[in-house]
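Taking it in order: structure first as structure tokens, then the write-up.
The values are calculated or read from the model by the stated rules, or taken from the named source; none is laboratory data. Since the model is a prediction, treat every value here as computed from it, not as a measurement. Note: ideal-geometry Cβ built from the backbone for every residue, glycine included; neighbour counts use all protein chains shown. Side chains included, ligands, DNA and RNA excluded: accessible areas come from the protein's heavy atoms. Shrake-Rupley method; radii C 1.70, N 1.55, O 1.52, S 1.80 Å.
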Amino acid sequence: MLLQLIRARRRQVLVDINTQRDVLLAAGSDCVRNHRRVLAHIRRMMAWARSNDIPVISTCELPAAKEGSALTNGKNGLAHSKIGYTLLDNHISFSPDNNTDLPRDLLRRYRQVILPKRCPDPFDEPRIDRLLSEVRAGEFILMGTMTEEAVSAMALGLLQRHKNVKIIVDAVGARDHNDAKMALRKMEAKGAKLLESKKIAGTSHLRIVGACECDSCRRVMAKQN
Ligand SMILES: [Zn+2]
């Protein structure tokens, strides 16, 4: 079968939700709270996936307002909208459409699959629905933005499909602290496990974000040099 592909050692998949410049950099149009902390943990999780051959499924949100912009025009814009270190060299990305076509052995041939999303709920996108429903993985490990919207919809949809879900609580960004807390509680009640990035990726002294130019991120960078 098409997607009996994940034979990765521990059969884990990293689900990388909307780790895009517009929501994670201070200069972005819709930046999350605590972006520096969240970004540092996202970076560490990506490093973990890279060095452990963990397949990465990434979603990229295309807001309706941006329809027709460079971002929605083809696949290159999609990759370009992501934070640099959330991109693996060997990736494939798709254009937004209602197709459910997926190449054979997708996750065997590519380390990272980047899928456009035109709505907050990933399961409203036919191709994402198909991929996530068919991937056989022991564990889906979630990070990204926004906790109270896309991350929550992803987690609840996966749980509904009887998948094991882990949320990396320090690698998810939120717009509103209380809404995010409520959303996490709901995911946990439905069966998701909440844990910190160090439980999976170990600890490191990496606090450098290295993608954002704001004062807070620069100050940390200066301290470390
Ligand atoms: Zn910053």
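Highest GNM mean-square fluctuation among ARG161, ARG50, ARG136, for the chain modelled with Cα contacts below 10 Å: ARG161.
If I model a spin label as a point 7 Å beyond the Cα along the Cα-Cβ vector, how far apart are those points for ASN99 and THR203 in nm? Going by the 7 Å Cα→Cβ label model, 4.8 nm.
The listed peptides 175-185, 117-127, ordered by packing as a protection proxy, come out as 117-127, 175-185 (highest mean of other Cβ atoms within 10 Å first). For the range 125-225, the solvent-accessible area of protein heavy atoms averages 51 Å² per residue (probe radius 1.4 Å; ligands and nucleic acids excluded). Each principal axis of the Cα atoms in the range 141-225 has its own extent, and those three values, largest first, are 46, 27, 17 angstrom. Charged neighbours of ARG127, selected by a Cβ distance under 12 Å, balance to -3 (K, R count +1; D, E count -1). Of the Cα atoms belonging to the range 81-126, the radius of gyration and Dmax stand at 11.5, 29 Å. Ranking ALA183, LEU195, GLY144 by how far each Cα lies toward the positive end of the dipole of the chain (charges on Cβ) leaves LEU195 at the top. Taken over the range 12-224, the convex hull of the Cα atoms encloses 113 Å³ per residue.
Think of it this way: in the chain, CYS31, CYS60, CYS119, CYS214 stand alone, with no other Cys Cβ under 4.7 Å.
Counting only protein heavy atoms and a 1.4 Å probe, tell me what percentage of the chain's accessible area is made up of carbon and sulfur. Carbon with sulfur: 46 percent of the solvent-accessible area. Here the contact order of the chain, divided by its residue count and restricted to Cα pairs under 8 Å and six or more residues apart, works out to 26 percent.
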